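FYI, it's all coordinate maths here, none of it is from the lab. Since the structure is predicted, the reported quantities are computational estimates derived from the model, not experimental observations. Positions of Cβ are backbone-derived with ideal geometry, glycine not excepted, and every protein chain shown enters the neighbour counts.
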Amino acid sequence: MFVQIFSGWRYRPGARERLVAMGLGDRVSPAPRPDVPGLISRLLAIDPADPDTGIGLWVWEDEAACRAYEANRPPDVQATVSRDIDESAMIEQVYDTLFFGVRTPPG
């Protein structure tokens, strides 16, 4: 497995509120968004002290799946990201997985 962690990005005005209104953080989804080949899980989280600052965690089957998605990301997806997120201070860190476990809550 291959893991990406993104930090240092900031939501543009209104973007975080739109995501919160979708209720995606209220439960575990049956598939990650976007639902693309090789993507195992994805988490977006915010800093409670500064809710416009977020982190992203992407878990991939392997680095090849990750890079294939990045190379072929649809232009409309990138336009949405640019509209909603200021990536100017974003940092990407990548890791190889030693252990991955998950417990999904009932319901």
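Measuring between their Cα centroids, region 1-24 and region 43-71 lie 8 Å from each other.
The packing ranking of peptides 57-64, 10-17, 69-76, highest mean first, is 57-64, 10-17, 69-76, where packing means the average number of other beta carbon atoms within 10 angstrom of each residue. In the chain, helical runs assigned H by DSSP with n ≥ 4 each contribute -39500 (n - 2.57); averaged across all residues and rounded to the nearest 500, the mean residue ellipticity at 222 nm is -7000 deg cm²/dmol.
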